[in-house]
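Below is one structure, written out as structure tokens; comments come after it.
The values are calculated or read from the model by the stated rules, or taken from the named source; none is laboratory data. It should be emphasised that the depicted structure is a prediction, and the values quoted were computed from it without experimental measurement. Counting neighbours? That spans all protein chains shown, and the Cβs are built from the backbone with ideal geometry, glycine included. Accessible surface is based on the protein model in full, side chains and every heavy atom, while ligands, DNA and RNA are left aside. Shrake-Rupley method; radii C 1.70, N 1.55, O 1.52, S 1.80 Å.
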Amino acid sequence: MELAYYSDYAVRLVNSEEPGRNKDSLTSVEAVRALFGVNASAARRATDADVTRFRSVRARLRAVFEAADSGDETLAVDLLNSLLLEFPVSPQISGHTASDERRGRDDDGRPLWHMHLADHPSNATAGYAAIAAMGLAFHLTSYGVDRLGLCEAAPCRNAYLDTSTNRSRRYCSDRCATRANVAAYRARKRLEADRSESTGRSAEKAHEISAGTDR
């Protein structure tokens, strides 16, 4: 499994809350376990106590995205480094998956070795935080701090990782992009209508003045 994959752990956790909409899906141990995705063995270690711990890590990860989104590169790195220090990773070399013995092997049957982040031995929060922080750090150092963003479609503000070729991403999803484009279109139409109405009133006033002068 490539290290870049793990950056999605950070995005999933951050987006479990939508502050602008006053929504929070991280309210139970089942919600915590769902964040692990296919990593079922790690998810099984989660307990009710991890709900609060996950929320704390989530706030710190969102702060990284907020710093990056505001252009404060140094703060984003400092915040991420603090997470890496508190939740160190345990890297391992892996060459196969438990779900499919043939996957991860070349034509000669030899393993295709790759780096893998091992499950953390202490608790579910520590394991998830280590993976999320390392994945985000890998993405940041490989592609740049400006590749960490927050959706511009208010009130969304979901986190996203910009993988576009020209660093042009501004929204977390196609849905938010469409909604923002529609809102911008309607705003332009209202502005055009206001200008047209204002121009019409000005022309009418000028005509009245002209007619009064003629008399």
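Return a yes/no flag: does segment 86-94 have any residue that is part of a helix (DSSP H, G or I), out of contact with any Cys (no Cβ under 6 Å at 6 or more places or on another chain) and under 12 Å from G127 (Cα atoms).
So far as segment 86-94 goes, yes, one or more of its residues are part of a helix (DSSP H, G or I), out of contact with any Cys (no Cβ under 6 Å at 6 or more places or on another chain) and under 12 Å from G127 (Cα atoms).
Looking for whichever is open to solvent by 20 Å² or more (accessible area, probe 1.4 Å), without any contact (Cβ under 8 Å) to a residue 24 or more places away in the chain, among the aromatic types (F, W, Y) and closer than 25 Å to V89 by Cβ here; the options are Y143, Y171. Which one fits?
After ruling out the rest, the residue left standing is Y143.
For segment 81-95: of the residues being out of contact with any strand residue (DSSP E or B) (no Cβ under 9 Å at 6 or more places or on another chain) and of a type outside the set (D, E), which is least open to solvent (accessible area, probe 1.4 Å)?
Filtering segment 81-95 for residues that are out of contact with any strand residue (DSSP E or B) (no Cβ under 9 Å at 6 or more places or on another chain) and of a type outside the set (D, E), the one least open to solvent (accessible area, probe 1.4 Å) comes out as L83.
Can you give me the ranges of the helices (runs of 4 or more DSSP H) entirely in segment 2-53 with at least 3 residues that are closer than 26 Å to W113 by Cα, open to solvent by less than 50 Å² (accessible area, probe 1.4 Å) and touching a Gly at 6+ places or on another chain (Cβ under 8 Å)?
In segment 2-53, the matching helices (runs of 4 or more DSSP H) lie at 7-14.
Of the conditions (1) under 17 Å from M134 (Cβ atoms); (2) touching an Asp or Glu at 6+ places or on another chain (Cβ under 6 Å), L84 satisfies every one except a single condition; which number is it?
(2)
Out of the residues in segment 146-168 that are open to solvent by less than 10 Å² (accessible area, probe 1.4 Å) and not charged (D, E, K, R), which is nearest to P88 (Cα to Cα)?
Per the criteria, the residue is L148.
Within segment 65-76, is there a residue that is open to solvent by less than 40 Å² (accessible area, probe 1.4 Å) and over 27 Å from C156 (Cα atoms)?
No; the residues of segment 65-76 include none that is open to solvent by less than 40 Å² (accessible area, probe 1.4 Å) and over 27 Å from C156 (Cα atoms).
G104: touching a strand residue (DSSP E or B) at 6+ places or on another chain (Cβ under 7 Å), among the small types (G, A, S), exposed (fewer than 14 other Cβ atoms within 10 Å of the Cβ) and modelled with pLDDT under 95, yes or no?
Criteria not met by G104.
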